[in-house]
1. Can you return the aspartates and glutamates within cross-link range of B:Lys581? Criterion is Cα-Cα under 18 Å, with same-chain partners fewer than 8 residues away left out.
2. Name the residues of region B:49-63 whose amide N is less than 19 Å from a point 7 angstrom out from the Cα of B:Trp38 along the C-beta direction?
3. Among B:104-110, A:60-66, how do they line up from the highest to the lowest mean number of other beta-carbon atoms within 10 Å?
4. Among A:Tyr233, A:Tyr99, A:Tyr246, whose mean-square fluctuation peaks in a Gaussian network model of chain A (Cα, cutoff 10 Å)?
5. Given A:Gly274, A:Gly330, A:Ala341, which one lies farthest toward the positive end of the charge dipole of region A:263-352, if we put +1 on the Cβ of every Lys and Arg and -1 on the Cβ of every Asp and Glu?
6. Mind jotting down the distance between the C-alpha centroids of region B:441-470 and region B:563-604, whole Å?
7. Simple spin-label model, 7 Å along Cα-to-Cβ: B:Leu641 to A:Thr313 in nm?
8. First measure r as the distance between the Cβ atoms of A:Ser332 and B:Ala57, then evaluate 1/(1 + (r/R0)^6) with R0 = 51 Å and state the FRET efficiency to the nearest 0.05.
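Only the coordinates and a few stated rules stand behind these numbers; no lab work does. These numbers come from a predicted model, not from an experiment. In this analysis, Cβ positions are derived from the backbone assuming ideal geometry, glycine residues included, and neighbour counts consider all displayed protein chains.
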Amino acid sequence: MRRIRVAQALSALALIAMAGAAFAIGSSPVTTGPHDVLAPAGVQADRIGQLWNVFLGVCTLVTLAVFAVFALALWRTPRATGETPADLSSLGRHESGPYRTVVGAVAVSIALLLVLLAASVWTDRALARMALADALSIQVVGHQWWWEARYGPAANEPMSDQFVTANELHVPVGRPVIVTLTGADVIHSLWVPSLAGKKDLIPGRTSKLQFRADHPGVYRGQCAEFCGFQHAYMGFQVFADAPADYAAWEARQRQEAAAPAGAALQRGEQVFLGSTCIMCHTVNGTTAQANFGPDLTHVGGRTTLAAGMLRNTPQDLKRWIRDPQKIKPGTSMPASTLPDADLDALVAWLGSLR
Amino acid sequence: MSDVAPAASPMLNSVPPTSGQAAALERTWRDPPGLLGWISAVNHKTIGKRFISTAFAFFIAGGLFALAMRLQLAKPENGLMGPDLYNQLFTMHGSTMMFLFAVPVMQAVAVYLLPLMLGTRSVAFPRMNAFAYWIYLFGGLMLMTAFALDIGPDVGWFAYVPLSGPDYSPGKRADFWAQLITFTELSGLLEAIVIVTTVFKLRAPGMTLNRIPLFAWTMVVTAFMVMFAMPSVMLASTALIMDRLVGTHFYNPAEGGDVILWQHLFWFFGHPEVYFIFLPGLGFLSSIIPTFARRPIYGYTAMVLSVIATGFLSFGLWVHHMFATNLPDLGKSFFTAASLMIAIPSAVQIFCWLATLWTGRLRFRTPLYFALAFFVILVIGGMSGLMLASVPLDVQVHDTYFVVAHLHYVLLGGAVFPLFGAIYYWYPKFTGRLMGERLGRWNFWLFFIGFNVAFFPMHLLGLHGMPRRVYTYGAEMGWGTLNAVSTFGALLIAASVLCFLYNAWHSRSHGAVAGPNPWGGGTLEWATASPPPACNFEAIPVVHGRDPVWEAGAEPTHVAGLSVESREALVTTVLDAHPDKREAFPNPTPWPFVSAVATAVFFIGSIFTPWAVVWGTIPIGIATTIWFWPKRRETAAHLALERAP
């Protein structure tokens, strides 16, 4: 036993040494909401949580029962030595004790499996039948490595009623949401563990995810299907707002970007419109209308940058624009060669787009 | 030499062979010496030992990839490596462990053991067996070379399109992965043919279908599964190579292709593949447990039927890897039912083993320890498998560390722990010496504790929302502590594998001399010397029960009448193993090796140019033609041995 402890201590030392040799990259910590299967905040995740309890209960009981029989078998069975001859008395004889036990155990197993199957199918049915009256419709498109979200229009509204945002969804508490999903490049998977199970965003196909947030709060989500270089940093947030707050947010999103107030902000807008930014980004109310990168019309109102990787502070925004490849290698956004003063003006103007 | 004259037909006999006959058999069946002899070897034991050693070398490599990943994940926002290396590492770990270790090592052990267990002189198609080994080796070396040159694949061992397609994986990385599939599947399919033919046609007389050792049953079921599942992934990977190399659009949605097609084809192979790995592990348990419980296995027939049922059911589960896609919801429920159903045959086997343990007398030795670990680890893995079978639970934990925990619990509990037990169990047969018992215990306990420390926390990480295949994670996620614990467990596993390697290396020359049957086992491999002579058995045994060594003594004891000067083996009937005919087996030759080199050039060349497919066939054609060209002298010798009925 002492030797095992020595081995463990040595292993721990090796681990600490190697971990110490590594170094962490610096970035502002992002505050995050719940991201946990076991902390449901919506009806769908809640139903799955209840099913989890059923499965966990049954499986734990069965595991303990098997362990008990196993331990008892090892404990009670007589020991053999190298000279013990094989006991062939079972040949040509029906072993009625083991036979009854094995058949009984298999029968119990089948019964329990049927219980689990029924519970699973019942939950699945309940998930599919969530009430969808007055549902909010959002289309989410997965990109390497960020999320594009298009709100509305409802079936009979004109396309111009649509508005676009990125990496942050707002939904009203208590109202069902239907998310229509597709992938722009490779397969991604939208997953907000506290609200619902995941669904893939598949190029060439559309899939639907339904959920409802029942408690106000911010819930973190993340891409769950390996999608290349920066799969690890493809996060997003879902803000479950009180209905009045949601309505105010929606009204704000529908507006075009406000005209810049003051010379400094005007300077920032000019830098934006005069540089390569407009090759990829949209700011409604200006001539920038490209849709290769995230829509920036209200970027100042978001809490994070680069798909949940950075906090949306002027310092981090500046760092990001100057050299995105350093922060998130592989991202499509190129480094910027803007002089410092222009960069500051640009960051100030982007920050004002709320 | 009158005693070498062929008899009119094989006879059942109880007169032992003479020492002159034994010496002649050794001359006839051994592999030739020298370098040319080394590449010409066709003896199944030579190929089997090379196969097992190579597979373990890849196991070490795959383990080191995993260890590097664990060090990177040990703390949040760790800068040990970037996404480029990390993505290569998890792709290499998965591909190496699945394609270069877990499936081949089972076939490798079978290639060594099956002729000994079944009482014959060779595997069927010994030259093809050698060819399959070389193909496997070259495919593995290609993958390792690509990784060493920093052009290793980085799209995951599952290589989902469109990420692995031409638009999102430029360069040759994904092509190396796809050609690895071609290599290993070719090798796997050939080995499947070898195994099925060996088990069905080369058994000793009297070994009727209901007396075949359970390990042989698991291997024959696995081999049939390989034949039905592997064409699916070969089709998928060939279509991927064509998309990448010659501009087809099988998986391009913009041109009417479908990205989900890949997932269907891959998992139609990929789920049965789990059982290629698991079923032989069950075969190891069914070999080890009766020996160390000192009684025949309880419920032989139920065990055989369970293995066959598992084989069939495993083809009906593949969609449970695709519950998060947009397939119809009702259809997914059927796959929930099928996935739960496969627990039944596994339960039957577990209960039968428990009954064997319960009614036996136990001798605790290292092989039994590894076998018993199954009952802890696999049961936990099976339970998390039930959870993953349920659509609602799966869409929460799919692609999280919960799945990583589950798959390691089933694959290590179901296959790797039994495999280590099997190596400890049969090592004396391979080498003539026993592995050290003391180091064996260290190996076992470090592995068992390290495994649970490494993988149990992953269940919790998955439930706390940690996705798979992330090269790092933010400190704010709160996953740091569990990941550090998991990395510590990985280091314990590494220490245990070091114990194993030292034990295997040291015992080769210093282990206790084993003798033919050190554990008192009941199957036929224990009826011959350790290590066995080149011909396996100086006289082919006649079988009178399921455990021929335990039930020895009935007459006749062996077969007479096979030539000792020519490679003759006895072919028996499929059902009842009646002696059927004498079959002439081929001599050693370097041409399988040369053919494998030509095939490797063809496969690797086609990564770079489609013309390799055209010109590459010419050397293969030449090499295989010479391989199969009949030799006048050998034909004459075989004709001389022919007897009219």
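1. B:Glu565, B:Glu568, B:Glu642
2. B:49-58
3. Numbers: B:104-110: 26.7, A:60-66: 14.9.
Per-residue mean Cβ counts within 10 Å order the peptides as B:104-110, A:60-66.
4. Looking only at A:Tyr233, A:Tyr99, A:Tyr246, the largest GNM fluctuation is found for A:Tyr99.
5. A:Gly330
6. Centre-to-centre distance over Cα atoms comes out at 44 Å.
7. 8.4 nm
8. Computed FRET efficiency for A:Ser332 and B:Ala57 comes out at 0.80.
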